[in-house]
1. Tell me, please, whether a residue that is over 20 Å from ILE524 (Cα atoms), open to solvent by less than 30 Å² (accessible area, probe 1.4 Å) and in contact (Cβ under 8 Å) with a residue 24 or more places away in the chain can be found in the stretch 626-641.
2. Report, by residue number, each residue of the stretch 524-550 that is open to solvent by 80 Å² or more (accessible area, probe 1.4 Å), in contact with a Ser or Thr (Cβ under 8 Å, 6 or more places away or on another chain) and within 30 Å of LYS656 (Cα to Cα).
3. I'm checking my understanding of the structure. Among residues of the stretch 514-523 that are outside any loop (DSSP other than H, G, I, E, B) and hydroxyl-bearing (Ser, Thr, Tyr), which one is least open to solvent (accessible area, probe 1.4 Å)?
4. Quick one: which residue in LYS59, LYS93, LYS122 is modelled with pLDDT of 70 or more, surrounded by 14 or more Cβ atoms within 10 Å (Cβ to Cβ) and within 24 Å of PHE373 (Cα to Cα)?
5. If you check every pair at least six apart or on different chains, which have Cβ atoms under 7 Å apart with a residue in the stretch 344-365 that is open to solvent by less than 10 Å² (accessible area, probe 1.4 Å) first and a residue that is in a strand (DSSP E or B) and of a type in the set (Val, Ile, Thr) second?
6. Kindly indicate the residue of the stretch 491-513 that is among the small types (Gly, Ala, Ser) and either modelled with pLDDT under 85 or within 36 Å of the chain's Cα centre (by Cα) (or both) and also least open to solvent (accessible area, probe 1.4 Å) among those meeting that condition.
7. Of everything in the stretch 575-609 that's at pLDDT 90 or above and of a type in the set (S, T, N, Q), which residue is nearest to ARG713 (Cα to Cα)?
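The values are calculated or read from the model by the stated rules, or taken from the named source; none is laboratory data. Since the structure is predicted, the reported quantities are computational estimates derived from the model, not experimental observations. Cβ atoms come from the backbone with ideal geometry, glycine included; neighbour counts cover every protein chain shown. Quick note on the areas: whole protein, heavy atoms, side chains included, nothing else; ligands and nucleic acids left out. Shrake-Rupley method; radii C 1.70, N 1.55, O 1.52, S 1.80 Å.
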Amino acid sequence: MIKEGEHYFCCNGCQGVFHLLQEEGLEGFYEKSKNTPLSPPMQTIKDSSTFDSQSFYDKYVKVNRDGFCEVSLVIEGIHCSACVWLNEKALHKMNGVIEANINFTNNKATIVWADNVVKLSKIIDTIRSIGYDAFAYDALAQESHANKERKSYYLKMAVAIFASMNTMWIAVAQYAGYFSGIMQDVKTILNIAEGVLATPVLFYSGWVFFRGAYYGLKTKVVNMDLLVATGATLAYVYSLYVAVSQKGEAYFDSVTMIITFVLIGKFLEVLSKKKAADTLDKITSAIPSEVKIVKEDKIIIIKLEDVQVGDVVVISSGDRVLLDGEITKGSGSFDESSLTGESEPIYKNIGMNVISGTVSIDADVQFKVLKDFRHSTLSNIVKLLESAINKKPKIQRMANRLSEHFSLIILTLSLLTFLGWWWASYSFETSLMVAISVIIIACPCALALATPVATLVGLGLGASRGILFKEAAGLETMAKTDTLVLDKTGTITAGKPEVIREHIFDAFDKELLYSFIASSNHPIAKGVARFIKQENENFHEYTFDVFTQIPSQGMMAELGEMRLLGGNKKLLDTNGVAIDFSSNATLFCFAIDQKVVAVYELEDKVKDGVLELVAAMKKMQIDVVMLTGDNESAAKKVASSVGIGRVLYEQTPQSKAEFINKLHDEAKSVVMVGDGVNDILALASADIGIAMGGGSDIAVEVGDVVLLNNSVRSLEEAFKISKTTLALIKENLFISLVYNALTIPLAIAGYVIPLVAAISMSASSLLVVGNSIRIRQGFKENG
């Protein structure tokens with residue numbers, strides 16, 4: 001013991017922590033941790049310079065859209081919410097740390113910082129200086145930890161089941177003697193034998209409940225573990241008293257069965273939640289750490305993170321594609337089912353793109369890398385899924401708050417039940433057993449599981465069908481949507497308009513037009529480019545002095561004294577170019593020096609399934625609106641062909657966003673679906689922005705949901721999954737609340753013994769988990 005003024009410390013480490021907290025203004029930690037001993041800081045702080053190495057940054061650190069660095073770490077030594085609070089507060093106090101969030105369930109910390117202000121090594125040193133340690137988050141290491149935890153459960157269950165079976169054999173003799181008569185000394189021997197068997201069950205197999213109760217009490221939370229530990233301990237202590245005093249009936253069999261059944265139930269929950277996340281694991285698992293590349297005409301093996309853009313990767317039959325690229329040699333079929341949900345193999349050859357996360361079925365190819373692994377499709381999917389799981393929907397936060405208060409209410413009810421029965425002149429033994437039954441049968445666990453398991457199943461089901469929700473909260477928001485806004489090109493239509501008619505009004509150099517439109521990524525410009533290139537594969541391309549794209553109108557350029565305009569009629573009107581031409585098709589007008597020299601009429605094919613989507617939305621009572629930058633005739637033609645009654649045409653990116661905000665003013669909940677750069681303002685303005693996977697990178701970045709397979713059928717499935725998930729969450733909450741409303745009064749009335757209470761409690765949790773997993777079977781039958 002070390003004395004310093006009015007303070008006493010158990011060791012020098014705790015004294016050091018005390019002074020650090022004082023210096024950083026974090027004295028509130030002692031209130032949070034209720035004056036419990038603090039873990040001393042590392043006696044020898046490890047060298048943290050490796051965290052600043054380029055190789056570590058390349059593998060684990062990413063730069064977000066704001067230019068700040070972001071890393072995921074696992075904080076070692078966290079065992080309660082006070083530890084989370086201390087680490088977050090200490091990090092937030094650091095100059096340069098923008099954000100620090102720690103997930104208590106897996107000790108995973110997400111830290112965002114300005115690298116030019118503070119280095120990662122200094123952040124690690126701060127964590128270590130307050131008695132904790134940190135290392136880079138690794139999904140495989142986390143899986144290894146989960147396997148170790150499951151093995152621990154196996155051993156605890158084996159001890160509990162063995163002891164319970166033998167206890168029940170002894171209990172048979174006890175019950176037989178109760179009815180036919182038994183000598184007290186024989187009864188005492190049987191009680192002692194049961195007590196010997198019950199002791200390891202309670203204090204070894206049941207240790208998980210004592211530990212959970214302890215950490216809960218430290219942070220002023222009355223949880224399910226406290227209920228189980230209290231009920232079993234009371235029964236055990238009373239049974240010890242009976243065995244010693246040789247008066248009354250012992251309940252060691254109830255102790256062993258309570259712990260055994262609840263432990264089995266808890267373990268089955270772990271397995272069920274693991275099963276619910278299997279789809280996510282399927283995507284993230286089996287990622288090799290090395291790939292084969294071509295270097296100086298030789299095939300060599302290098303680390304995945306060392307592959308750079310432009311390298312040529314070699315893929316053989318059965319290999320998993322780990323990087324995005326373009327095939328330069330070979331051809332064959334690829335299985336994209338893990339990303340898109342489509343079971344049919346996709347044939348690809350030279351010039352076509354391969355996607356990371358897919359598997360070569362019979363393809364022996366070489367491809368040029370377009371993105372490094374950190375920015376690949378597979379890596380982005382993993383990050384999105386991890387982020388979605390860690391972000392809770394509103395209904396889950398509400399259920400969690402309810403379950404926190406629930407346990408305290410049950411303990412109070414149990415105490416009142418004990419006093420009531422004892423006051424009614426019943427024996428101490430009877431009053432205690434009834435009170436224990438009340439504690440055991442009440443299950444806040446089912447209430448706490450009602451939302452997260454259903455959410456996890458919904459996220460996993462979506463991922464298996466090529467639908468990525470970036471946040472779990474998106475499921476709840478989408479389920480409550482009443483308005484669906486669709487972009488036309490690339491969403492309702494295929495996004496590959498083809499020229500159906502060409503009108504030449506004056507002679508011009510088509511090489512000039514091809515060079516002009518080849519600089520644009522707009523689908524209409526690409527359609528005209530494809531049409532022109534059919535005439536000549538070897539166009540000479542011009543380099544323009546000035547080139548400008550005008551959103552929702554077209555483009556303009558200057559070449560010497562020549563001024564070019566290309567786009568819709570609105571672009572020509574804005575620039576004072578007269579045109580007298582009308583058509584129901586989409587128009588691309590080309591003007592040189594204020595004179596229209598050519599007009600191209602284009603049509604885009606409506607995607608398969610759009611008509612069915614609109615019909616399904618109407619059944620769900622969801623209004624469907626189409627927004628497009630196209631002209632009135634072309635827009636209305638497409639809208640009428642798919643059954644959309646409300647259409648807004650000639651829309652700019654700003655006017656699309658303004659329309660979304662107008663819907664919000666009308667108290668509408670809006671889902672916006674788009675794929676282009678001109679959709680990003682509307683996607684960001686909507687309650688849920690859905691990006692088509694084949695769209696621009698920035699649209700995918702802004703969207704809340706990504707449809708990897710670019711199919712409108714996935715859009716319909718996304719609505720069905722979100723609505724089914726929300727319905728299941730409500731069902732689960734109803735099940736848990738009705739269960740408690742029925743069983744607690746029965747227990748208070750004395751109709752339930754502790755053994756039956758333990759079985760009922762485990763059954764309610766499993767019922768909630770089983771009901772959540774039911775969503776998978778429903779979609780298998782329909783899909």
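1. Among the residues of the stretch 626-641, not one is over 20 Å from ILE524 (Cα atoms), open to solvent by less than 30 Å² (accessible area, probe 1.4 Å) and in contact (Cβ under 8 Å) with a residue 24 or more places away in the chain, which makes the answer no.
2. Once the filter is applied, which keeps residues that are open to solvent by 80 Å² or more (accessible area, probe 1.4 Å), in contact with a Ser or Thr (Cβ under 8 Å, 6 or more places away or on another chain) and within 30 Å of LYS656 (Cα to Cα), the stretch 524-550 yields LYS526, GLN549.
3. Pass one, the stretch 514-523, residues outside any loop (DSSP other than H, G, I, E, B): 514-518, 523.
Imposing the further condition that a residue be hydroxyl-bearing (Ser, Thr, Tyr) reduces the set to 514-515.
On the way: TYR514: 25, SER515: 3 Å².
Among those that are outside any loop (DSSP other than H, G, I, E, B) and hydroxyl-bearing (Ser, Thr, Tyr), it is SER515.
4. On the way: LYS93 fails: within 24 Å of PHE373 (Cα to Cα); LYS122 fails: within 24 Å of PHE373 (Cα to Cα).
LYS59 is the lone residue from the list that is modelled with pLDDT of 70 or more, surrounded by 14 or more Cβ atoms within 10 Å (Cβ to Cβ) and within 24 Å of PHE373 (Cα to Cα).
5. If the second residue must be in a strand (DSSP E or B) and of a type in the set (Val, Ile, Thr), the pairs left are VAL354/ILE327; SER360/ILE315; ALA363/ILE315; VAL365/ILE315; VAL365/ILE327.
6. Our first condition is that a residue be among the small types (Gly, Ala, Ser); within the stretch 491-513, this holds for 494-495, 507.
Checking the rest, the ones that are also either modelled with pLDDT under 85 or within 36 Å of the chain's Cα centre (by Cα) (or both) come to 494-495.
On the way: ALA494: 51, GLY495: 19 Å².
Across the stretch 491-513, the extreme among qualifying residues is GLY495.
7. Here the answer is ASN575.
So that you can scan it fast, the table gives a plain yes or no per residue for (1) in contact with a strand residue (DSSP E or B) (Cβ under 6 Å, 6 or more places away or on another chain); (2) modelled with pLDDT of 80 or more; (3) crowded, with 16+ Cβ neighbours inside 10 Å:
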residue: ARG320; (1), (2), (3): yes, yes, yes
residue: GLU326; (1), (2), (3): yes, yes, no
residue: PHE334; (1), (2), (3): yes, yes, yes
residue: ILE389; (1), (2), (3): no, no, yes
